[in-house]
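Reading through the structure tokens given below for one structure.
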Amino acid sequence: MPGQRSITEAEKLAEAKLGGIPVRHEQMAVVANIYRAASAVRQHLENTVLRGSDLTWTAFVVLWVIWIWGESETRHVAEEAGISKGTLTGVSRTLETRGLVRRADHPTDGRLVLLSLTDAGEELMQRVFPQFNAEEAFVAGRLSDEECRSVADALRRVVLQVEEHGEDRRLELLNGSEPAPRRSGRRRRS
């Protein structure tokens, strides 16, 4: 069963399967390990901190976005949380039923809905986030502070690559053109 294989076993199986196929192994490892790390961290946090507060990962992220940004339009909350507006509708209704989130009509545009935390939602985040952060520290426990900064910076650059160039790349692939691969390192600004 794939979920029971170690990361080392998965890497060996991929190497054996890919054998003679020309692939960029280092880049493949980055993307595969981003996925593995995100899945492992999400599962750990759901099974430790979030379960005790009866929260899913998605519900916590929605609460976090509203907590940090304050009252926000649903479209902005969905975008910041990395979920669809449809998913946000279900999550926000559940959080509203639990008394953690308040939904309100936008004061000037009746088509828009605003989300904000209730006092109970604020209290929950004040209580849960320190526990969540303690588990973030546990998860990154094998890394020094400098390594944490380096990993965070590298992942930020991965996100920026997709945010800044992903749509152009999608259009290039859609149109059948295959540009030369971009080299690693920082690009000069003109």
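The values are calculated or read from the model by the stated rules, or taken from the named source; none is laboratory data. The shown structure was predicted, so the numbers you read here are calculated from the model rather than taken from an experiment. A quick note on method: Cβ atoms are made from the backbone with ideal geometry, for glycine too, and the neighbour counts reach across all protein chains shown. These area figures cover heavy atoms from the full protein model, side chains too; ligands, DNA and RNA do not enter into them. Shrake-Rupley method; radii C 1.70, N 1.55, O 1.52, S 1.80 Å.
Of ARG93, ARG111, ARG103, all but one fail to be assigned to a strand (DSSP E or B), without any contact (Cβ under 8 Å) to a residue 40 or more places away in the chain, farther than 21 Å from GLU135 by Cα and not aromatic (Phe, Trp, Tyr); the exception is ARG103.
Just wondering, is there one or more residues in the range 102-118 that are among the polar types (S, T, N, Q), under 17 Å from VAL62 (Cβ atoms) and surrounded by 15 or more Cβ atoms within 10 Å (Cβ to Cβ)?
yes
Each residue in the range 24-59 was checked for being acidic (Asp, Glu), exposed (fewer than 14 other Cβ atoms within 10 Å of the Cβ) and modelled with pLDDT of 95 or more, and 1 pass.
Scanning the range 60-84 for residues that are open to solvent by less than 10 Å² (accessible area, probe 1.4 Å) and small (Gly, Ala, Ser) gives a single hit, ALA78.
Scoring GLU123 on the criteria (1) open to solvent by less than 70 Å² (accessible area, probe 1.4 Å); (2) more than 17 Å from LEU45 (Cβ to Cβ); (3) charged (D, E, K, R) leaves a single failure, condition (1).
Checking each residue in the range 25-55 for being in contact with a helix residue (DSSP H, G or I) (Cβ under 7 Å, 6 or more places away or on another chain) and free of Cβ contacts under 8 Å to residues at least 40 places away in the same chain picks out ARG36, ARG42, GLU46. Of the residues examined, SER116 is not one that is of a type in the set (Ser, Thr, Tyr) and farther than 22 Å from GLU79 by Cβ.
Within the range 79-89, not a single residue is in contact (Cβ under 8 Å) with a residue 24 or more places away in the chain, closer than 25 Å to GLU163 by Cα and in contact with a His (Cβ under 9 Å, 6 or more places away or on another chain). A Cβ distance below 7 Å, combined with a sequence gap of six or more or placement on separate chains, defines the contacts here; from the range 137-152, residues that are under 14 Å from ALA37 (Cα atoms) and open to solvent by less than 70 Å² (accessible area, probe 1.4 Å) reach residues that are part of a helix (DSSP H, G or I) and at pLDDT 95 or above in the pairs VAL139/VAL41; VAL139/HIS44; ALA140/CYS148.
Let's see how each residue does on (1) part of a helix (DSSP H, G or I); (2) farther than 21 Å from ARG142 by Cβ:
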position: THR8; (1), (2): yes, no
position: ALA14; (1), (2): yes, yes
position: PRO22; (1), (2): no, yes
position: GLN27; (1), (2): yes, yes
position: ASN33; (1), (2): yes, no
position: ALA40; (1), (2): yes, no
position: VAL49; (1), (2): yes, no
position: THR58; (1), (2): yes, yes
position: ARG75; (1), (2): yes, yes
